[in-house]
Amino acid sequence: MSVGRIAVIMPAVYDELDREFLSGIHNAARGIGYDTLVFTGVSAENDKAYTKGEDNIYELVFSADIDGVIIAANRFRDMNLKNGIFRRLDAMGIPAVAIEEGRGNINGIFPDQSGSIAKITEHLISVHGYRDIICLTGPQGNREAENRADGYTYIMKKHRLDSSVIYGDFWRNSAAELAKNIAEGKRPLPEAVVCTSDIMAVVLCEKLMEYGIKVPDEIAVTGYDGSIYTMLTRPSVTTVCGGERSLGMLAVKALAEKMGITCDIDCNKQHIRYCGSCGCNNNKAEKEYLLRYTEKIVHRQLERKSFMYSNYIAKMSDCESVPKFAAVLDSLRYMLPECRAINVCVCEDWRVENPEYRKSGFSENMQLIYSEEQPGQLDFPLHKLLPCLNLPHEPQFWVFSSVHYSDRIIGYIATLYDEAENFAADEHYTGWCDAVANGLDIVIKKSNTEYIWQKLEEKNMSDIYTGLQSRRGFVSKIITGDSIMLFSFPKRYLNTPYFVPIVSAVLRSDDCTNTAIYLGETVFGVSLKKHSVDDFAESLCRSISELGIYVAVSEIDAVIDEIAPDTDIDGHITEMYFSLAEKSNPRGTEAYSEIFSNLRKEMKYSPQSNWSISEAALRTGLSGSHFQRLYKKHFGVSFTEDLITFRMDRATYLLRNTSMSVQRIAEECGYTNSAHFMRQFREREGMSAGKYRKAENNE
């Protein structure tokens, strides 16, 4: 079982070496019973607002219950950001180690990398018989560069050979310059070059061959890192592998000692991959390695080919509420097949609009708005990070990424993986996270806009969009004996060039009616005093034709009914609206499949909402009775039974995972009467809520 949490602060996870480093950490942490929690962002140096939003994820480390921290200091390019992290961690006094850099109470991890370079140099001398060997390493004075070069120097002295160390940049430029100097005769052609990074070795091979110097026939080259690039050049480059995995394990071992944990972690995972660049013939092994890697890439590409047609950005941007957004996320869950679980958490003040919205940090309390295992929203303290992390579980590997829209801080996404190798912050993952942030930003805007319009409509007797009566104004003018007529035009008249004249014609028709209302899309209503339906429809069509648009009476669908005494006029209008919708656009059961599925998902992720048959029917554009028939036909269970099931699912989850009182849980599940909740719970589970909690928690 997991006994604690180790945080990894890392600026980006791009390639195989990054995942190898995290894999070393996770395997070692799992061995001592700790979760690995990776806090990572994406570099976007040309967009300061975006980068600031990404970097906000590191604030979680300073607010959460963490037992120890590993900083991948050697991977940071933003020195100000790195320095700030060091200062704050040092001030906190939390056990922490940093890769290849130490400050204050934070120990630096400086692995001895000379042994592997010594081994590869020995191979060149003892196996291939090379004597004239030079070493290309990183910047002079750089600890890593000097340490690796020491291994080369040691072996050369051991064999009483002259050594020559060339200091470079660990990158392309120094390798390209060395190749040029050799080709132009400024430096004698050696028998072999020991490069202390793969990128220098790969570039050196490519440039030498461009100059007509054959590798390894005329010069042998080796690298260090074990990156995939060494397998993609011809010949493949002999290199040191497993260094990043060893480094990750070494970091956990050092951190464990600092945390007072006695452990025996074998950190020696380095080995040499002998390939053609040194003169070894290892074609079969090279082909097998490339085949496995290619299969992995092709499989991922085939998976993601289907994502091209998911339209996930548009779907996430078309939500006006959190339950609908959660339902959409659920339908798009397949787009991150590598992860076992996804949690989306937002700050409690995430809906605050400009300019007061949050630009840094996180709120003391967070809201879990999406998780496959958690029905409905759940509030929890920030320091707990995720509700599920506080339950008994085996050591896990979680990745935390920022959810932000430009500089607006919304929250964070947490994804769970079986192995560290399954995660990559590639364009697909970052695009998905950006789509989540964009969708939530639109939820904010839509919900705030809807609230404003709702308040305006409550105060206005006329519709703000059209100038016709608002629903409130329309209902207030209708009296017993009036006939209400709802009518709709074909959808093609929804476009602005047609719609505006139609509204104008309806306004003019107000002369022969008591009042007129706009109900959305191309649906209008009037209350008639003296005119029959046919007379009104003909009069309306004439008015529209005078404005240059020709609509036949037969194209107008209508329903009409007389208001009887004691009628709920507003509810009656709703029923008429459903009838008109079914008349204008009759659809079979299958046509409602997607609508019903989305509605059901919203119920699942928001069972505590005030759901009712009339509201659900309104969402689907059906009458109440028709809605109930179709719902049961779709799912084999009634709407009411389904809602109770979702509420009970949420109740059992809260009983297992929170310390809320039963009365509070009843409220969180949408029950205004706790006695009613307890009765339904006993009927479903065969025991009281209190006994269920004790049984689940082994009390």
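The values are calculated or read from the model by the stated rules, or taken from the named source; none is laboratory data. Just so it is clear, the structure is predicted and the values come from calculations on it, not from any experiment. Here the Cβ is made from the backbone with ideal geometry for all residues, glycine too, and neighbour counts use every protein chain on show.
Residue-wise test of (1) under 26 Å from GLY242 (Cβ atoms); (2) within 48 Å of the chain's Cα centre (by Cα).
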{"position": "ASN105", "(1), (2)": "no, yes"}
{"position": "ARG143", "(1), (2)": "yes, yes"}
{"position": "GLU146", "(1), (2)": "yes, yes"}
{"position": "ASP150", "(1), (2)": "yes, yes"}
{"position": "SER164", "(1), (2)": "no, no"}
{"position": "ALA175", "(1), (2)": "yes, yes"}
{"position": "ALA179", "(1), (2)": "no, yes"}
{"position": "GLY185", "(1), (2)": "no, no"}
{"position": "GLU191", "(1), (2)": "no, no"}
**Study point:** Flag if THR233 is surrounded by fewer than 24 Cβ atoms within 10 Å (Cβ to Cβ), among the β-branched types (Val, Ile, Thr) and within 26 Å of ILE6 (Cβ to Cβ)
**Key:** no
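Right, ALA118: touching a residue at least 12 places away in the same chain (Cβ under 8 Å) and either at positive phi or under 29 Å from the mean Cα position of the chain (by Cα) (or both) or not? Spell out the reasoning first.
Working: touching a residue at least 12 places away in the same chain (Cβ under 8 Å): yes; either at positive phi or under 29 Å from the mean Cα position of the chain (by Cα) (or both): no.
Considered against the rule, which asks whether it is touching a residue at least 12 places away in the same chain (Cβ under 8 Å) and either at positive phi or under 29 Å from the mean Cα position of the chain (by Cα) (or both), ALA118 comes out as no.
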Expected single match for at pLDDT 95 or above, aliphatic (A, V, I, L, M), in a helix (DSSP H, G or I) and more than 21 Å from ALA254 (Cβ to Cβ) among LEU60, LEU81, LEU22 is LEU60
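Looking only at the stretch 656-668, decide whether some residue is in a helix (DSSP H, G or I), of a type in the set (D, E, K, R) and touching a strand residue (DSSP E or B) at 6+ places or on another chain (Cβ under 9 Å).
To start, the set of residues in the stretch 656-668 that are in a helix (DSSP H, G or I) comprises 656-657, 662-668.
Checking which are of a type in the set (D, E, K, R) leaves us with 656, 664, 667-668.
From what's left, touching a strand residue (DSSP E or B) at 6+ places or on another chain (Cβ under 9 Å): 668.
Among the residues of the stretch 656-668, at least one is in a helix (DSSP H, G or I), of a type in the set (D, E, K, R) and touching a strand residue (DSSP E or B) at 6+ places or on another chain (Cβ under 9 Å), which makes the answer yes.
Which is touching a strand residue (DSSP E or B) at 6+ places or on another chain (Cβ under 7 Å), of a type in the set (Gly, Ala, Ser) and either in the same structural domain as ASN598 (by TED's automatic domain parsing) or over 20 Å from LEU37 (Cβ atoms) (or both), of ALA326, ALA341? Can you show your working first?
On the way: ALA341 fails: either in the same structural domain as ASN598 (by TED's automatic domain parsing) or over 20 Å from LEU37 (Cβ atoms) (or both).
Exactly one residue qualifies, and that residue is ALA326.
Any residue that is more than 16 Å from TYR577 (Cβ to Cβ) and aromatic (Phe, Trp, Tyr) - is there at least one of those in the stretch 621-630?
Let us first name the residues in the stretch 621-630 that are more than 16 Å from TYR577 (Cβ to Cβ), namely 628-630.
After this cut, where a residue has to be aromatic (Phe, Trp, Tyr) as well, the list is none.
No: zero hits.
Can you tell me how many residues in the stretch 531-555 are part of a loop (DSSP other than H, G, I, E, B) and within 21 Å of ILE478 (Cβ to Cβ)? Give the steps one after another, and end with the answer.
Here is the first cut: in the stretch 531-555, the ones part of a loop (DSSP other than H, G, I, E, B) are 531-532, 546-552.
Within this subset, residues satisfying the condition of being within 21 Å of ILE478 (Cβ to Cβ) are 531-532.
The total comes to 2.
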Condition set touching a strand residue (DSSP E or B) at 6+ places or on another chain (Cβ under 9 Å), over 13 Å from ASN343 (Cβ atoms) and of a type in the set (Gly, Ala, Ser), scope the stretch 377-425, selection surrounded by the most Cβ atoms within 10 Å (Cβ to Cβ): answer is SER402
Would you mind stating whether THR153 is at pLDDT 95 or above, buried (at least 24 other Cβ atoms within 10 Å of the Cβ) and polar (S, T, N, Q)? no
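So, of the residues in the stretch 337-350 that are assigned to a loop (DSSP other than H, G, I, E, B) and surrounded by 18 or more Cβ atoms within 10 Å (Cβ to Cβ), which turns out to be farthest from the chain's Cα centre (by Cα)? If you could, list the steps in order and put the result at the bottom.
At the first step, the residues of the stretch 337-350 found to be assigned to a loop (DSSP other than H, G, I, E, B) are 337-340, 348-350.
Next cut, surrounded by 18 or more Cβ atoms within 10 Å (Cβ to Cβ) only: 339, 350.
Numbers: CYS339: 11, TRP350: 17 Å.
Taking the candidates together, the pick is TRP350.
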Output for Cβ contacts, cut-off 6 Å, separation at least six or different chains, first residue at pLDDT 90 or above in the stretch 674-699, second of a type in the set (Gly, Ala, Ser), reads PHE677/ALA666; PHE681/ALA689; ARG682/SER688
Per the filter on the stretch 228-270, residues closer than 19 Å to LYS284 by Cα and either part of a helix (DSSP H, G or I) or modelled with pLDDT under 90 (or both) are ILE228, TYR229, THR230, MET231, LEU232, THR233, ARG234
